[in-house]
Amino acid sequence: MTTNQDLFTAAQNLMPGGVNSPVRAFGSVGGVPVSMVAGNGPYLTDAEGKEYVDLVGSWGPALLGHSHPAVLEAVRAAVDKGLGFGTSHPAEAQLAQLVRSRVPGAEMIRMVSTGTEATMTAIRLARGATGKNLAVKFAGCYHGHSDGLLAAAGSGVATLGLPGSAGVTQAQASETIVIEYNDRSALQTVFAEHGEDIAAVITEATPANMGVVPPEAGFNQLIRSLTEAHGALMIFDEVMTGFRITEAGYWGASGREEGWEPDLFTFGKVIGGGLPTAAVAGRREIMEQLAPTGPVYHAGTLSGNPVAMAAGVATLQHATAEVYQHIDAKAQVVTDALAAALSDAGVDHTIQKVGNLFSVAFGTSQSGVHNYSQAQAQETFRYGPFFHTMLEAGVYLPPSVFEAWFLSAAHDDAAVERILSALPAAARAAAEA
Ligand code: PMP
């Protein structure tokens, strides 16, 4: 039998770190990354034939679970008609219409292939539309890997403890201002000092790349009112949260707080149903600044690919209110059990949760986790033993404490029970770390 170790050894010889995306490496938890060969419902199967309950969900897209029959059927039907035409085709508008029907502010939509491309394009669009240069981002938020957005980024950049990335020029870095999340006075100061030059503030609707860090009440509205007052755009990055978090409707995190809209949104993950699709969306007059109607250039050979559109359409069509109620309820069950197991084992922690997105932070009950500094100050060393005990028991968690856990509509009682029964031993391992 080919083992995970065999595959990893071969991969390391061929690909940097043996992976195509650093978050897949077991850099911070140690050990051999698991090679998966199949996904079905809430389960993944590795190359050695071992089955896991999956709490990564392809890093977000698998809202309905793996290999959902309707999504596979839609993809097969699309494949039968051709893999891509390099022209317009009907499914693009179908997906765009589905997005717009659930996100009031998404008046126009441009499909792209990855979340990185979406945020990069949104920033360029904001600069083009405002004629200003500076972008403001929050430490610990991750907006993909375009040059200007890598400063103090979350996700894999946080896992590896990097301040940013080599290869980003000083000029690019100097056009991004980074401030602490949830820091109202820092935001006010930045606008007081640079208001005339700020093209956009980009923020995760609810940060989930430094672990989950809920916005404090009124923080998103403050971004809205300051950007509006200074002629800057507010970019709401919902690559992770869009069509997943449904606090007040099922259109993503922006619906949580009534009475305002960002100028631009970025979506990804769920809207592609597991295939490479993401989107920039927003107000008509801003979106029309994009080529060919406007002077801001964006293009893509694979943008709006018909097979990806089919997966996205089928996924959103099946993302009903019941689906979200199910995932939210299961998230409550899992977080309650996680908190109980950690408390029983005497592990100081906070559960960081917004809707069905959650993560755990160790040694943080005194401070809470409201920003990246607090997230980084946690007892990260407890996560490796916790993770490996869960893995051994057949539960696949994100291999970093800075990543959110993803449940799906396919996580039924049996799958959840497997998670719950694995938690006490994992909590004890965290206690002994
Ligand atoms: N924005 C956010 C909020 C994300 O979580 C991610 C990916 N995790 C991205 C952007 C980048 O998306 P992609 O990996 O598809 O480039």
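Rounded if a/c is under 1.5, else prolate if a/b beats b/c, else oblate: with a ≥ b ≥ c from the C-alpha gyration tensor eigenvalues square-rooted, which is the chain? In terms of gyration-tensor shape, oblate. Taking other C-beta atoms within 10 Å as the exposure proxy, 54, 237 rank 54, 237 from fewest upward.
Note on 390, 309: ascending count of other Cβ atoms within 10 Å places them as 390, 309, the fewest first. In this simple spin-label model, placing a label point 7 Å from the Cα along the Cα-to-Cβ direction at both residue 85 and residue 340 gives a separation of 5.5 nm.
With a ≥ b ≥ c taken as the square roots of the eigenvalues of the C-alpha gyration tensor of the range 184-333, please select rounded if a/c is under 1.5 and otherwise prolate if a/b is larger than b/c or oblate if it is not? In terms of gyration-tensor shape, oblate. Averaging the Cα positions of each part gives two centres, and for the range 317-331 and the range 85-131 these lie 25 Å apart.
Packing, taken as the mean count of other beta carbons within 10 Å per residue, orders the peptides 102-114, 352-364 from highest to lowest as 352-364, 102-114.
Rounded to two decimals, the Cα-based Rg/Rh of the range 18-69, with Kirkwood Rh, is 0.97. Taking a ≥ b ≥ c as the square roots of the eigenvalues of the Cα gyration tensor, the range 357-409 is oblate, since a/c reaches 1.5 or more and a/b is not larger than b/c. With Rh defined as the Kirkwood radius, the inverse of the mean 1/r over Cα pairs, the Rg/Rh of the range 69-318 is 0.96.
For residue 73 and residue 425, compute 0.36 nm times the residue count separating them, minus their Cα-Cα distance, and round to one decimal in nm.
Additional length available on full extension: 122.7 nm.
Our estimate of slack between residue 381 and residue 14, defined as 0.36 nm per intervening residue step minus the Cα-Cα distance, is 129.1 nm.
Ordering 297, 324, 142 by the number of other Cβ atoms within 10 Å of each residue's own Cβ, fewest first, gives 297, 324, 142.
In plain terms, the bigger the Kirkwood radius, the slower the diffusion; for the range 1-101, with that radius from Cα pairs, at 4 °C and 1.567 mPa s, Stokes-Einstein puts D at 79 µm²/s. Computed packing ranks the peptides 86-96, 164-174 as 86-96, 164-174, most packed first, by mean other Cβ atoms within 10 Å. Net length available on complete extension from residue 171 to residue 325 is 50.8 nm, with 0.36 nm assigned per residue and the Cα-Cα distance removed.
None of the figures in this text is laboratory data; all of them are computed from the coordinates on show. Note that the structure is predicted; figures quoted are calculated from it, not measured. Every residue, glycine as well, gets a Cβ built from its backbone with ideal geometry; the counts of neighbours run over all protein chains shown.
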